[in-house]
Amino acid sequence: MTAGRAPRTVPYKPAPGTIPTAPGVYRFRDEHERVLYVGKAKNLRQRLSNYFQPLEALHERTRRMVLTAVRVEWTIVASEFEALQLEFTWIKEFEPPFNVQFRDDKSYPYLAVTMADDVPRALITRNRGIRGARYFGPYTKVWAIRETLDLLLKAFPMRSCSQSVYDRAERSGRPCLLGDIGKCSAPCVGRVTHEEHRAIARDLVAFMNGGDQEFVDRVREEMQRASARLEFERAARLRDQLAALESVLERTSVVLSDRVDADVFGLVHDELSAAVHLFAVRGGRIRGTKSWVVDTEIDLDDSELATQILRIAYDGGDPPAREVLLPKQPESVHEVKAWLTDRRADHGLTGRVEVRVPQRGEKRKLADSATVNAAHALQVARTKRTSDYVTRSQALSDLQEALGMPEAPLRIECFDVSHLGGQGVVASMVVFEDGLPRKDQYRRFAIAQTTDDTDSIHQVITRRAKYLVDGDPDETSTRFAYAPQLLLVDGGRPQVQAARRALDEQGVRGVALAGIAKRLEELWLPDDEFPVILPRTSEALYLVQRLRDEAHRVAISYQRQKRSSAIQSQLSGIPGLGPSRVRALLKHFGSAKRVRAASPEQLREVPGVGPALAEAIARALRADTMDEESRGQGNSTL
């Protein structure tokens, strides 16, 4: 065995046959008895065997956890449901570092109605511990819920002042300004009794719980009756109340026509993190939204991650709706439903919780919108790391230490190759200086002929290296000739060796070089047999991820642009198809790929394209596609 290599298995691996086949919960502990990871299993022996494979077969994060631990212990339970409950309890108690954890602990504002008070109060708060309060939300923007509360008080004039203001008005016999302008029924001075005021508070709670249309209809009917009885002042007050209610409803727009109660989750994740967005729908309207980001230490599949997201969302927090919509069915779905039903019962709510994956219709559209919001939250979380100078400096320092560089890599260039089935090969170069992107220095490369990705990397790095030696005659400044401290390529050891060969052939020295493997934590150096493993908590890991993603984005964008230019040239050669009709085709279908896939009937939908021209376009594009396929088959046999 090569010196320094890790053993194939860990010494604390349980003896065969000693692990029970019953359901249960297991815990990995380190030498200080800290719980590193908690998991559940329908069959403990089957699940734990996954951790005690040869170490090289494990995902890097799982391998790191297994090597950090010194023992594993398990507890047998009677059912999968009990295993799920115990798993969630222990995760909350021990906060294991390798389980899914919150990364941001931002609290969100809620609208609360303090029904336990003698005179209930409506307020905006981030405190979820007010005794007997009814909460609505959460809301992502404080100003939005403040405007909503202001409108609600016009329709439900209940107390919203602090206790000191209320007590002062009660002593003086004079209400505050809200009482004078009709946004409070002024129970402090006896304009309404405490019971009448409580009834107003109950109406507001019922309205926010989804009984909105009932109130709108009732107020409209009372307004019409008052008008018929010539009670014009009362009718005017009811008119203003109706306008306030309708304004609130406009802010919480209808999203589901069947007026269901549902919690709709969107989930997006990468190698390091997962982002979740929640739409809380009550009475067919969005009553609250929330986004958060969690760290994913152990490599989880989508079903396991969905289960852990529900734990984070509901364990000790808001009660689940009658229907929970997820992008993927959670692991042990029947047990998860039972657990969610119990959480609902803990809040005094009845009814069994259903967990579904929406397939079509309005629910699917809302789920897709939640996924878009989750992707945005993940992107924001990534960029926040680069906006902080201390974090950026730490990332560069971590990268310097991991790669054994003499100085921090203040300028990093990352290269990525992109192609479509071996055709249209392009490459990108992105530049980060001091941990921030320098988009004015990005470059794109078209590669005419190549045999594979390794050859493509060699060509691109050769072209880049020539500028480092000779300078760039087309540049107005010398910034492109400025050598980076670190050069990254998207790929493993073969791509890195090809890049090293290109630098050596051009005589470039003093530039560190590494390849980004698919698992991201692994950086391959040209002369090393094994990769450098970036620690999971290292800021360098997030910097490398952003470099790779940015290089990939630029390469894909360039490839699509070239495909669009190619089809424009091809279409321009068809008789009767001028530049305006070419633009109309691309605008109508949205991409070159969709134009190529369009049938003659679909092409005729474009203004100015008749039956004969549509047939000519389809025939020309079909012939070109067949030529591309034959070229691709020819290349594959070389």
Of the residues in region 37-56, those that are over 23 Å from Pro330 (Cβ atoms) and hydrophobic (A, V, I, L, M, F, W, C) number 2
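Residues to consider are Glu195, Glu170, Glu214, Glu233; find the one that is at pLDDT 85 or above, loosely packed, with under 14 Cβ neighbours inside 10 Å and either of a type in the set (Gly, Ala, Ser) or part of a helix (DSSP H, G or I) (or both).
Glu195
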Residues of region 173-192 being within 24 Å of Ala243 (Cβ to Cβ), touching a residue at least 12 places away in the same chain (Cβ under 8 Å), open to solvent by 20 Å² or more (accessible area, probe 1.4 Å) and assigned to a helix (DSSP H, G or I), in sequence order, are Leu178
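With respect to Val219, is the statement that it is within 45 Å of the chain's Cα centre (by Cα), assigned to a helix (DSSP H, G or I) and either modelled with pLDDT of 75 or more or of a type in the set (Ser, Thr, Tyr) (or both) true? Write out each step before concluding.
On the way: within 45 Å of the chain's Cα centre (by Cα): yes; assigned to a helix (DSSP H, G or I): yes; either modelled with pLDDT of 75 or more or of a type in the set (Ser, Thr, Tyr) (or both): no.
No.
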Arg71 vs (1) open to solvent by less than 20 Å² (accessible area, probe 1.4 Å); (2) within 14 Å of Thr9 (Cα to Cα); (3) of a type in the set (Lys, Arg): all pass except (1)
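Return the residue satisfying two criteria in turn: it lies in region 321-340 and is of a type outside the set (Gly, Ala, Ser) and farther than 19 Å from Glu304 by Cα, and of such residues it is nearest to the chain's Cα centre (by Cα).
Our first condition is that a residue be of a type outside the set (Gly, Ala, Ser); within region 321-340, this holds for 322-331, 333-337, 339-340.
Then drop every residue that is not farther than 19 Å from Glu304 by Cα, which leaves 322-323.
Values: Arg322: 24, Glu323: 21 Å.
Checked region 321-340; the qualifying residue nearest to the chain's Cα centre (by Cα) is Glu323.
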Flagged in region 21-46 as of a type outside the set (Gly, Ala, Ser) and in a loop (DSSP other than H, G, I, E, B), in numbering order, are Thr21, Pro23, Asp30, Glu31, His32, Glu33, Arg34, Lys42, Asn43
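Among the residues that make up region 140-149, is at least one of them closer than 29 Å to Gly348 by Cα, touching a Gly at 6+ places or on another chain (Cβ under 8 Å) and modelled with pLDDT under 90? Don't jump to the end; show me each part of the working.
Our first condition is that a residue be closer than 29 Å to Gly348 by Cα; within region 140-149, this holds for 140-142, 144-146, 148-149.
Imposing the further condition that a residue be touching a Gly at 6+ places or on another chain (Cβ under 8 Å) reduces the set to 145.
Restricting the remaining residues to those that are modelled with pLDDT under 90 gives 145.
Yes: region 140-149 contains one or more residues that are closer than 29 Å to Gly348 by Cα, touching a Gly at 6+ places or on another chain (Cβ under 8 Å) and modelled with pLDDT under 90.
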message = It is to be established whether one or more residues within region 47-63 are in contact (Cβ under 8 Å) with a residue 24 or more places away in the chain, under 24 Å from Trp339 (Cβ atoms) and outside any loop (DSSP other than H, G, I, E, B).
response = yes
Residues of region 451-470 being over 16 Å from Leu487 (Cα atoms) and either hydrophobic (A, V, I, L, M, F, W, C) or open to solvent by 50 Å² or more (accessible area, probe 1.4 Å) (or both), in sequence order, are Thr451, Asp452, Asp453, Asp470
Exercise. Within region 153-160, can one find any residue that is open to solvent by less than 40 Å² (accessible area, probe 1.4 Å), at pLDDT 75 or above, in a loop (DSSP other than H, G, I, E, B) and among the small types (Gly, Ala, Ser)?
Worked result: yes
Filtering region 547-557 down to residues that are surrounded by 20 or more Cβ atoms within 10 Å (Cβ to Cβ) and more than 20 Å from Arg493 (Cα to Cα) yields Val554, Ala555
- Using the structure shown, decide if Leu543 is in contact with a helix residue (DSSP H, G or I) (Cβ under 9 Å, 6 or more places away or on another chain), part of a helix (DSSP H, G or I), modelled with pLDDT under 85 and open to solvent by less than 40 Å² (accessible area, probe 1.4 Å). no
task = Answer yes or no: is there a residue in region 530-538 that is among the small types (Gly, Ala, Ser), closer than 30 Å to Ala448 by Cβ and modelled with pLDDT under 80.
result = no
Of the conditions (1) more than 15 Å from the chain's Cα centre (by Cα); (2) at pLDDT below 85, the single one that Ser273 does not satisfy is (1)
Restricted to region 281-307 and to residues being within 18 Å of Ala83 (Cβ to Cβ), in contact with a strand residue (DSSP E or B) (Cβ under 8 Å, 6 or more places away or on another chain) and not in a loop (DSSP other than H, G, I, E, B), the residue modelled with the lowest pLDDT is Leu305
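Per-residue answers, yes or no, for (1) farther than 20 Å from Leu488 by Cα; (2) out of contact with any helix residue (DSSP H, G or I) (no Cβ under 8 Å at 6 or more places or on another chain):
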| residue | (1), (2) |
| --- | --- |
| Asp368 | yes, yes |
| Ala377 | yes, yes |
| Ala381 | yes, yes |
| Gln394 | no, no |
| Glu401 | no, yes |
| Glu407 | no, no |
Within region 338-363, of all residues that are in a helix (DSSP H, G or I) and touching a strand residue (DSSP E or B) at 6+ places or on another chain (Cβ under 9 Å), the one modelled with the lowest pLDDT is Lys363
| query | Is it fair to say Gly348 is open to solvent by 50 Å² or more (accessible area, probe 1.4 Å) and at positive phi? | reply | yes
Report yes if some residue within region 385-392 is crowded, with 16+ Cβ neighbours inside 10 Å and under 21 Å from Gly288 (Cα atoms); otherwise report no.
no
Sole miss for Gln329 among (1) open to solvent by less than 30 Å² (accessible area, probe 1.4 Å); (2) touching a Ser or Thr at 6+ places or on another chain (Cβ under 8 Å); (3) under 23 Å from Val294 (Cα atoms) is condition (1)
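The values are calculated or read from the model by the stated rules, or taken from the named source; none is laboratory data. Just so it is clear, the structure is predicted and the values come from calculations on it, not from any experiment. Heads up, the Cβs are rebuilt from the backbone with ideal geometry, glycines too, and the neighbour counts pull from every protein chain shown. For the accessible areas, the whole protein counts, side chains as well, though only heavy atoms, and no ligand, DNA or RNA atoms are used. Shrake-Rupley method; radii C 1.70, N 1.55, O 1.52, S 1.80 Å.
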